[in-house]
Amino acid sequence: MTTTSDTAATTTTTSSTTARSFCRFCHAACPIEVEVEVLDGAERVGAVRGDLADPLFGGYTCIKGRHLGDQHHHPERLRTALRRRPGGGFDEIPTDVALDEIAERLAAVLADGDGRAVASYCGTATFQNAAAHPVARAFHAAIGSPSMYTSITIDQPAKLVTPLRLGTWAAGPQPWSTADVSLVVGTNVVVSMLGLPGGPTFVNPLASLRAAKRRGLRLIVIDPRRTETAAMADLHLQVRPGEDPTLLAGMLRVILDEGLIDAEFCDRWVDGLGELHAAVSTFDIDHVAERTGVPADDVVAAARLFAGAGRGSATCGTGPNMAPHGTLVEHLLGVFNVVCGRFPRAGEQVQSPTGVLGLTGAAVPVKAQVRAPRPELLTSGPAARVRGLHSILGQPPTAALPDEILEPGPGRVRALLTVGGNPVLAWPDQGRTVEALESLDLHVALDIRVSATARLADYVVPSLLSLERPDVPTNVDRWFEDPYVMYTPSVLTPPSGMVDEAGLYVELARRLGLTLELPGGNLGPEERPSADEVLERCYPASRVPWDELRSGRGGSLREELTLTVLPPDEDARDRFRVVPDGLADELAAVRRDADPYGGLEGYDPEVHTARLTSRRLKGVFNSSGREIERLRAREGTSFAHAHPSDLEKWGVADGDLVDVVSPRATVRTVVRAAPDMRPGAVSMAHAWGDLPGAAGPPPEPCVLGDTTGRLSDNASAYDPITGLPVMSAIPVAIRPVARHR
Ligand SMILES: Nc1nc2c(c(=O)[nH]1)N[C@H]1C(S)=C(S)[C@@H](COP(=O)(O)OP(=O)(O)OC[C@H]3O[C@@H](n4cnc5c(=O)[nH]c(N)nc54)[C@H](O)[C@@H]3O)O[C@H]1N2
Ligand SMILES: Nc1nc2c(c(=O)[nH]1)N[C@H]1C(S)=C(S)[C@@H](COP(=O)(O)OP(=O)(O)OC[C@H]3O[C@@H](n4cnc5c(=O)[nH]c(N)nc54)[C@H](O)[C@@H]3O)O[C@H]1N2
Ligand code: SF4
Ligand SMILES: [Mo]
């Protein structure tokens with residue numbers, strides 16, 4: 001195995017040491033202190049606590065992070081590779097043997113001449129390993145395969161699209177720490193830690209929000225649920241799920257009608273204001289109020305509060321991105337920032353838009369000017385074989401992957417490496433997903449345990465976990481508003497017979513005789529680099545030299561890394577385009593149609609009268625965590641939360657079993673009366689449950705829940721640019737289930 005590295009703990013004596021590291025249970029990278037006990041030569045993670053000495057996070061952790069030990073030493077943790085037996089079930093085999101066989105079978109697929117046939121799906125765990133994506137990309141380049149899928153495209157793929165259609169500000173968004181107002185749409189940072197640039201910080205979010213409000217921040221939240229974040233809001237618009245396009249168009253109309261824009265900024269940098277005004281002018285306030293369920297006065301007040309403030313951005317999370325017209329919503333939010341000129345100007349201090357560490361590129365001088373839209377990039381990437389979709393910025397659409405596997409013909413995806421992801425529970429349209437996974441010629445899963453997806457794989461390869469490898473926080477590097485840097489060595493000695501997400505590709509490349517062209521130099525098949533050497537070769541442009549990074553322990557603030565925005569080039573001519581091709585038509589369709597479900601097969605407005613939204617739970621991370629008893633105990637199951645008045649309407653009581661019926665499928669769970677929900681909206685967490693039918697009828701109480709992904713339909717209604725099907729604001733009926741006792 002290549003994945004060895006310096007370790008901070010000793011393995012020889014019976015002892016206890018404390019290592020400083022950062023948590024990677026989720027993306028948020030909270031700095032931690034990890035007690036490592038060594039008993040008879042075996043290391044065990046003891047207590048995990050927040051690093052009180054950290055200058056930014058100040059010791060924040062959540063319940064998941066504090067259970068990192070349980071995750072690492074879980075009895076179900078996979079310690080050797082598994083190979084599917086012809087008759088069903090798995091045989092344990094040495095990981096080296098599994099990797100040899102996998103490489104051989106990949107070579108056979110590649111020998112047929114089409115690199116496209118070999119795909120990867122890199123799930124959330126790959127985002128918590130800085131080396132994973134650069135190495136996976138190099139592997140795909142080496143085999144000539146554009147089929148490198150990630151969970152980004154079933155998350156907020158509109159975030160790839162908006163900059164290409166609207167344009168970007170080279171100096172990034174205004175830092176949230178200087179905002180007077182913050183407009184937050186369909187995101188719940190207090191639970192999710194989603195640190196959208198320009199929006200509320202993910203660093204100790206509740207305390208940060210409280211402090212910001214004390215200094216005068218006005219918070220506007222648009223969410224059908226009175227979330228933990230909405231509870232902090234000055235103005236909470238409890239929108240009907242799926243109706244944000246109408247609400248935002250109505251608010252933009254108010255801003256434009258009342259001339260609340262930054263006229264000077266718009267003159268200099270913005271094209272299409274007149275077209276925009278015309279496109280939103282049909283969204284009269286009475287229509288907006290009726291359609292969205294938000295009182296007209298609140299719509300107007302929110303528009304005035306946002307546009308009337310001096311500084312502060314609008315940001316959008318997963319909820320509306322996954323609802324119908326997700327790219328439209330994300331674009332309109334971008335337009336709020338553009339017309340109000342909410343961007344840093346020359347002389348202001350900002351972090352580098354490439355991240356404090358500059359991990360994702362050299363720290364270029366940042367200028368106060370627009371980078372032009374690049375709409376041609378929406379269709380110039382490799383074409384999908386279905387639905388007229390394209391890879392956008394190197395990201396092929398995951399929601400089309402099942403069909404790429406199932407559709408016969410040249411270019412069919414025949415082999416899949418599922419790396420740190422759980423398609424069976426997390427992809428939309430579980431029925432189609434399972435059908436596709438079962439028809440692969442080769443399916444390999446790299447996981448820490450036998451997940452629902454791994455159960456369908458031909459090989460399951462045991463993965464190293466976070467405390468067993470060095471890392472830098474690539475996910476959040478771009479989100480820090482302070483010049484904060486951090487590195488962790490491997491806290492534990494990496495167990496033998498396991499690889500990490502990058503190591504899998506390194507091992508396969510070696511066996512296939514491939515050279516991986518990494519940003520910091522080639523990695524030849526003869527080399528056996530340490531995990532630290534791989535990391536360094538992935539990020540040669542780090543603004544802090546690697547030796548210096550590695551010699552530090554814990555996070556630190558580096559004032560010298562702060563950047564000052566430079567004036568624009570004198571001949572800067574690029575401008576934002578607020579109404580790109582297709583936008584006015586899409587807005588007109590929103591205004592015209594009675595609901596956003598045109599084309600959704602089986603949809604009946606008389607039957608599917610409720611709208612199912614998603615939520616995150618503090619105790620679990622997507623499908624990860626509920627295998628850990630103390631985390632599962634906290635969450636219980638994935639309840640269907642709905643307003644008490646809805647429960648009455650459906651004839652059910654808190655704690656009853658219900659069927660949640662979408663036009664595509666049904667899931668069963670326990671209903672919970674939730675006064676924080678808007679009537680007509682239902683809220684469930686995703687990625688619970690199991691393979692369809694695997695668990696039989698749910699026990700009572702239904703401890704393992706069910707998976708909402710089954711309710712989506714990939715094929716009949718999807719975003720025409722991103723291919724994302726309806727994954728939030730899913731139209732559903734709620735039906736009581738006869739109790740079996
Ligand atoms: N209906 C609905 N569907 C959704 C969403 C929603 O809101 N609603 N959200 C979507 C979003 S935003 C996302 S990002 C996707 C998530 O999609 P996925 O990334 O596919 O799902 P996860 O459950 O995060 O999968 C993580 C897997 O990695 C394993 N794992 C945990 N730690 C490690 C590790 O260190 N190494 C390795 N190799 N494996 C590890 C876990 O056991 C698990 O099997 O789901 C999407 N699906
Ligand atoms: N503890 C924990 N943290 C996580 C995760 C987890 O599973 N657990 N998952 C991680 C992942 S993969 C991601 S991508 C991020 C996501 O981070 P967020 O986007 O903040 O995710 P949620 O907390 O689900 O917040 C989505 C919100 O959108 C609202 N919503 C749903 N539909 C609509 C709609 O149509 N309109 C409007 N206006 N609102 C709507 C929901 O009520 C919910 O409050 O969280 C990450 N963090
Ligand atoms: S929020 Fe929790 S799980 Fe995420 S990094 Fe911080 S401690 Fe870990
Ligand atoms: Mo996500």
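Just give me the residues in segment 556-585 being part of a loop (DSSP other than H, G, I, E, B), at pLDDT 95 or above and among the hydrophobic types (A, V, I, L, M, F, W, C), in sequence order.
The answer is A572, V578, V579.
Give the residue that is surrounded by the fewest Cβ atoms within 10 Å (Cβ to Cβ), with candidates limited to residues of segment 490-522 that are farther than 21 Å from D96 by Cβ and within 25 Å of the chain's Cα centre (by Cα).
Restricting to residues being farther than 21 Å from D96 by Cβ and within 25 Å of the chain's Cα centre (by Cα), the top hit is P519.
For segment 454-488, which residues satisfy the criterion of being within 16 Å of ligand 2 (Cβ to nearest atom) and closer than 23 Å to R77 by Cα?
Scanning segment 454-488 gives a single hit, S466.
Of the residues in segment 430-459, how many are charged (D, E, K, R) and out of contact with any helix residue (DSSP H, G or I) (no Cβ under 7 Å at 6 or more places or on another chain)?
The qualifying residues number 3.
In segment 456-477, is there at least one residue being surrounded by fewer than 24 Cβ atoms within 10 Å (Cβ to Cβ), in contact with a Leu (Cβ under 9 Å, 6 or more places away or on another chain) and modelled with pLDDT under 95?
Looking through segment 456-477, none of the residues is surrounded by fewer than 24 Cβ atoms within 10 Å (Cβ to Cβ), in contact with a Leu (Cβ under 9 Å, 6 or more places away or on another chain) and modelled with pLDDT under 95.
So how many residues does segment 666-696 have that are under 30 Å from H236 (Cα atoms) and hydroxyl-bearing (S, T, Y)?
Qualifying residue count for the region: 2.
Show me the strands (runs of 3 or more DSSP E) entirely contained within segment 646-741 in which 3 or more residues are touching a Phe, Trp or Tyr at 6+ places or on another chain (Cβ under 6 Å) and at pLDDT below 95.
No strands (runs of 3 or more DSSP E) qualify here.
Residues are listed down the side, and each one gets a yes or a no for (1) within 16 Å of ligand 2 (Cβ to nearest atom); (2) within 25 Å of V506 (Cα to Cα); (3) not hydroxyl-bearing (S, T, Y):
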| site | (1), (2), (3) |
| --- | --- |
| A53 | no, no, yes |
| G58 | no, no, yes |
| I63 | yes, no, yes |
| T80 | no, yes, no |
| I102 | no, yes, yes |
| A108 | no, yes, yes |
| D112 | no, yes, yes |
| T124 | yes, yes, no |
| F139 | no, yes, yes |
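What tally of residues in segment 500-513 results from selecting those that are under 17 Å from V419 (Cβ atoms) and assigned to a loop (DSSP other than H, G, I, E, B)?
Of the residues in that region, 1 qualify.
Before we move on, is S120 away from ligand 2 (no atom under 12 Å from the Cβ), crowded, with 23+ Cβ neighbours inside 10 Å and farther than 30 Å from S490 by Cβ?
Values: away from ligand 2 (no atom under 12 Å from the Cβ): yes; crowded, with 23+ Cβ neighbours inside 10 Å: yes; farther than 30 Å from S490 by Cβ: no.
No.
Taking segment 145-202 as the search range and keeping residues that are assigned to a strand (DSSP E or B) and away from ligand 1 (no atom under 16 Å from the Cβ), which one is nearest to C316 (Cα to Cα)?
Across segment 145-202, the extreme among qualifying residues is V184.
State yes or no: is A588 out of contact with any Leu (no Cβ under 9 Å at 6 or more places or on another chain) and in a helix (DSSP H, G or I)?
So A588 fits the description; yes.
Within segment 154-181, track down each residue that is under 10 Å from Q395 (Cβ atoms) and surrounded by fewer than 23 Cβ atoms within 10 Å (Cβ to Cβ).
Selection gives L160 alone.
Residue by residue, here is whether (1) of a type outside the set (K, R); (2) surrounded by fewer than 22 Cβ atoms within 10 Å (Cβ to Cβ); (3) within 16 Å of ligand 2 (Cβ to nearest atom) holds:
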site	(1), (2), (3)
T609	yes, yes, yes
G619	yes, yes, yes
L631	yes, no, yes
G636	yes, yes, yes
P644	yes, yes, no
L657	yes, yes, no
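The values are calculated or read from the model by the stated rules, or taken from the named source; none is laboratory data. What you see is a predicted model; the values in this text were computed from it and never measured. For neighbour counting, all protein chains shown are included, and Cβ atoms are generated from backbone atoms with ideal geometry for every residue, glycine included.
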